[in-house]
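The values are calculated or read from the model by the stated rules, or taken from the named source; none is laboratory data. From a predicted model like this one, the values you see are computed outputs, not experimental measurements. Positions of Cβ are backbone-derived with ideal geometry, glycine not excepted, and every protein chain shown enters the neighbour counts. These area figures cover heavy atoms from the full protein model, side chains too; ligands, DNA and RNA do not enter into them. Shrake-Rupley method; radii C 1.70, N 1.55, O 1.52, S 1.80 Å.
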Amino acid sequence: MPRLDQKVAIVTGSSRGIGAAVARRLAAEGARVVVNYAQSAQAAEDVVRSIQAAGGEALSCRADVADEAQMQALFDTTRQRFGAVDILVNNAAAQAPASLDTLDRALFQRLVEVNIWGLIVGCRLAGRLMSDRGRIINFSSVSAHKNIAWDGMYAATKAAVESLTRTAAIELAPRGITVNALIIGLVATDMVSDVPLKVRRTIASQTLLDKVGRPEDIGGSVAFLASEDARWVTGQTLGVNGGYLMK
C-alpha cells in the first residue's frame, strides 16, 4: 500500500518547478492532491493531467496565499471534494534580487506578504481545518544561512519561515499536527533559469555533492515528512541542498 494512501494534500504554488514535482511525488505515494496556483491556470491543469494519467487523483484550485479569504476557499474546496485536509506543503514564494539600495517598499511588502504572511495564513487555517495528526511542511532556503548581498530581504523572510515553523510546531502539537521545514538550495527550475551559468556552476561547486538539485530531489523529502514514518519529527529544519551549508 502506498504510504500516503488516501491522504489529502494541498501544495501551494505547485503549477511548476519544485511545487509541481512535489505534487506529483505525493500523488505517486497515494495522496489525493490539490494543485494550487495564483496565475498559471494552464500549467496547473497540466500538472493535474499528468497526475491523473499516472493513475492518481488531483484537482487545481486558484488562491493567492497572501489572501486569507482565498486560502479559506482553497481549504473549503479541498474538503468538499476530498473530505479532509491531511497535508499542507507551503511551497509558494516570491523572490526578487534587491540590494539595500534598490529594495523598495512595494517589493518589501510583496516578499513579506507571500513568504511570511502567506505561511502564517496556511498554518493558521491548517490548525483550524486540518485533520488531527496532519502534516505541515514549510520551505526555507540556504539564503537564510548564507550571506548574499543582493538577497537580504528574501533571506530574511526565509529565516522567519524557520522561526515560525518552530512556534507553529509548539502550538499545533496538542492536535498531533507536525510542522517541519526544508532548507532548500539551488534547484534547476524556471525560477533560476536567468541565473548565469557561471553562477550556477559556482554554487554547485560549493555543495558536497557538487551539483545543482532537481525538483524531484525535494519531493522525496516532502513525502517522508508527510508520512507516518515521520510521526516523531516536528519543529525541525532539514537541509535538502546537497550539503551546501556544510562546505
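Per-structure values
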{"item": "Filter result for Arg214 (under 13 Å from Ala21 (Cβ atoms), surrounded by 13 or more Cβ atoms within 10 Å (Cβ to Cβ) and of a type in the set (Lys, Arg))", "result": "yes"}
{"item": "Answer from Ala23, Ala92 - the residue that is assigned to a loop (DSSP other than H, G, I, E, B) and within 12 Å of the chain's Cα centre (by Cα)", "result": "Ala92"}
{"item": "Checklist (1) within 23 Å of Gln70 (Cβ to Cβ); (2) small (Gly, Ala, Ser); (3) open to solvent by less than 10 Å² (accessible area, probe 1.4 Å) applied to Ser140, failing item", "result": "(1)"}
{"item": "Test result for Thr157, open to solvent by less than 40 Å² (accessible area, probe 1.4 Å), in contact (Cβ under 8 Å) with a residue 40 or more places away in the chain, of a type in the set (Val, Ile, Thr) and out of contact with any helix residue (DSSP H, G or I) (no Cβ under 7 Å at 6 or more places or on another chain)", "result": "no"}
{"item": "Any hit, the range 197-219, residues being assigned to a helix (DSSP H, G or I), among the basic types (Lys, Arg) and modelled with pLDDT of 95 or more", "result": "no"}
{"item": "Test: Ala53 is open to solvent by 50 Å² or more (accessible area, probe 1.4 Å), farther than 26 Å from Thr178 by Cβ, modelled with pLDDT of 95 or more and among the small types (Gly, Ala, Ser)", "result": "yes"}
{"item": "In the range 57-73, residue farthest from Cys123 (Cα to Cα) [restricted to those that are surrounded by fewer than 22 Cβ atoms within 10 Å (Cβ to Cβ) and touching a strand residue (DSSP E or B) at 6+ places or on another chain (Cβ under 7 Å)]", "result": "Glu57"}
{"item": "Residues satisfying the stated conditions in the range 53-89, i.e. part of a helix (DSSP H, G or I) and within 17 Å of Val22 (Cα to Cα)", "result": "Ala53"}
{"item": "Failed criterion for Gly17 (all others in (1) touching a strand residue (DSSP E or B) at 6+ places or on another chain (Cβ under 7 Å); (2) at positive phi hold)", "result": "(1)"}
{"item": "Count - residues of the range 95-109 that are surrounded by fewer than 16 Cβ atoms within 10 Å (Cβ to Cβ) and either within 22 Å of the chain's Cα centre (by Cα) or modelled with pLDDT of 95 or more (or both)", "result": "3"}
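Condition check ((1) of a type in the set (Lys, Arg); (2) part of a helix (DSSP H, G or I)) across all residues:
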residue	(1), (2)
Asp132	no, no
Asn138	no, no
Lys146	yes, no
Trp150	no, yes
Met153	no, yes
Ala160	no, yes
Ala168	no, yes
Leu172	no, yes
Ala181	no, no
